[in-house]
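J.: Just passing along the structure, written as structure tokens.
The values are calculated or read from the model by the stated rules, or taken from the named source; none is laboratory data. All of these numbers come straight from a predicted model, not from anything done at the bench. Cβ placement follows ideal geometry from the backbone for every residue including glycine, while neighbour counts extend to all protein chains displayed. Accessible surface is based on the protein model in full, side chains and every heavy atom, while ligands, DNA and RNA are left aside. Shrake-Rupley method; radii C 1.70, N 1.55, O 1.52, S 1.80 Å.
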Amino acid sequence: MTIEETIDWIHSRKKFGSRPGLERVQALLDKAGNPEKQVPVIHIAGTNGKGSTVAYSRSMLAAAGLTVGSFTSPYIEEFNERIAINGEPIADAELIAWVERYQPLVDELDEQPDISGITEFEVLTALALDYFLERQVDVAIVEVGLGGLLDSTNVVEPVLTAITTIGYDHTDILGETLPEIAHQKAGIIKENVPVVTGNIPIEALTVIKEKAKAEQAAIYQYDKDYQVKYLQPDGNWGERFDFTSESGRLSKLKISLLGRHQIENAGIAIMLYQLYCQQKQLPFEEKAVRSGLLAAQWPARMEKISDEPLVILDGAHNDHAVKRLVDNMKKEFGQYNIHILFSALETKDVDSMLKDLRKIPHGHLYITTFDYPKSLNLSRYDDQETEQFSVVSLWQFGLAEILESMDAEDLLLVTGSLYFVSEVRQLLLNVGGSDERN
């Protein structure tokens with residue numbers, strides 16, 4: 001098989017959709033020899049902030065000399081990045097070999113009506129864990145796909161867990177209230193396994209605390225067991241902050257990702273690193289924290305890919321993330337005229353997202369669509385165009401027109417679905433912007 005054929009086969013499992021439940025992935029793992037029982041895992045759930053927390057965590061652990069697997073979604077630059085070791089995506093040849101190993105197992109299970117139709121995400125979950133086992137990683141950081149309780153990654157036997165944020169997303173599957181959503185996310189909490197929580201609303205945190213108590217899992221809460229204190233933006237790109245826990249204080253830490261919410265994600269990661277060191281009786285290295293945080297990158301999260309003109313990408317793909325984005329834009333970029341190119345999936349609360357994006361000062365909102373299942377239907381916005389709101393049928397043309405009109409006082413923000421932002425990112429970098437990336 002070629003790498004294209006390999007990825008096509010993985011994508012062919014998309015036709016089975018997203019199907020909450022563990023029976024299919026568990027059957028596949030049983031056939032593979034149960035790698036999920038043999039790989040030490042840090043399991044991370046949350047509405048937003050999962051990917052950044054993974055990036056900070058793996059970067060610090062790698063800086064401390066460990067071999068760290070990571071399983072994330074979706075991908076931004078290349079498919080292989082979803083399965084990586086110390087930030088290096090799985091090689092094409094290895095992915096091909098693993099898929100060829102798994103195809104017959106999937107075919108066997110497809111013959112059994114009660115567990116047929118294993119999904120793309122289920123295949124990747126099993127394959128990633130098996131790959132990490134064979135490569136003998138010290139620890140794998142696994143990002144939940146959807147929810148937690150019934151997500152296929154919830155087959156792992158973690159050494160630590162984390163829940164980053166709780167907000168409204170996938171309400172058709174996870175529930176329509178924050179406590180209902182928190183119940184699903186808290187499903188990753190396991191007996192006697194410590195859990196770190198981020199900046200979470202009290203009604204959701206109450207549910208998580210009850211689950212932790214039932215599982216006798218020690219809980220480390222944001223602003224109680226550890227604190228992050230925002231200092232100021234970094235002069236180049238990023239943020240500076242202090243971190244404090246019962247072990248002491250780390251002052252003037254720096255991250256390369258922009259946005260005040262990113263220091264909260266970094267705080268979760270530092271707490272996870274501290275707990276991991278305690279568990280494994282490893283030295284807690286301040287140098288690893290500082291260098292790891294600084295080195296951590298996560299594409300399409302307040303990512304600057306061009307200075308002239310100033311272009312920022314942020315995959316704020318739900319209302320919770322958009323509110324954070326609007327807050328960042330007000331605080332960091334109030335002096336600019338801001339062109340906002342936005343698209344999303346129909347499954348999201350698009351009207352709420354647009355309502356928030358309109359609050360960005362000096363902003364002009366361009367709404368568009370893209371070639372992806374369930375992408376935005378523009379027809380219901382045709383009669384809503386104003387001086388500050390435009391409908392763009394082809395995003396490539398809209399992007400070109402915006403860029404041509406920009407000067408030093410303008411900023412282009414591309415946001416919405418990560419799938420959309422990824423497409424725009426590829427185009428911008430392919431036409432010569434890659435040397436501008438920060």
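J.: Determine whether Glu285 is of a type in the set (Asp, Glu) and farther than 19 Å from Glu332 by Cβ.
T.: For Glu285, the condition - of a type in the set (Asp, Glu) and farther than 19 Å from Glu332 by Cβ - is met.
J.: Just a yes or no: is a residue in the range 125-139 closer than 25 Å to Thr347 by Cα, part of a helix (DSSP H, G or I), touching a residue at least 24 places away in the same chain (Cβ under 8 Å) and not basic (Lys, Arg)?
T.: Yes, there is a match, as at least one residue in the range 125-139 is closer than 25 Å to Thr347 by Cα, part of a helix (DSSP H, G or I), touching a residue at least 24 places away in the same chain (Cβ under 8 Å) and not basic (Lys, Arg).
J.: Listed residues Arg58, Arg24; which is under 14 Å from Ile118 (Cα atoms), buried (at least 18 other Cβ atoms within 10 Å of the Cβ) and at pLDDT 95 or above?
T.: Arg24
J.: Still on this structure: From the set of residues in the range 173-194 that are in a loop (DSSP other than H, G, I, E, B) and open to solvent by less than 20 Å² (accessible area, probe 1.4 Å), which is modelled with the lowest pLDDT?
T.: Here the answer is Gly175.
J.: Can you tell which of Ile76, Ile115, Ile141, Ile83 is surrounded by fewer than 23 Cβ atoms within 10 Å (Cβ to Cβ), under 21 Å from the mean Cα position of the chain (by Cα) and of a type outside the set (Asp, Glu)?
T.: That would be Ile76, the only listed residue that is surrounded by fewer than 23 Cβ atoms within 10 Å (Cβ to Cβ), under 21 Å from the mean Cα position of the chain (by Cα) and of a type outside the set (Asp, Glu).
J.: So, one more: Of everything in the range 398-422, what is under 22 Å from Ala316 (Cα atoms), modelled with pLDDT of 95 or more and of a type outside the set (Gly, Ala, Ser)? Give them in sequence order.
T.: Leu399, Ile402, Leu403, Asp410, Leu411, Leu412, Leu413, Val414, Thr415, Phe420, Val421
J.: Would you confirm, using the coordinates I've provided, whether Leu127 is within 24 Å of Arg324 (Cα to Cα) and within 22 Å of the chain's Cα centre (by Cα)?
T.: So Leu127 fails the test.
J.: In the range 372-379, is there at least one residue being free of Cβ contacts under 8 Å to residues at least 24 places away in the same chain and part of a helix (DSSP H, G or I)?
T.: yes
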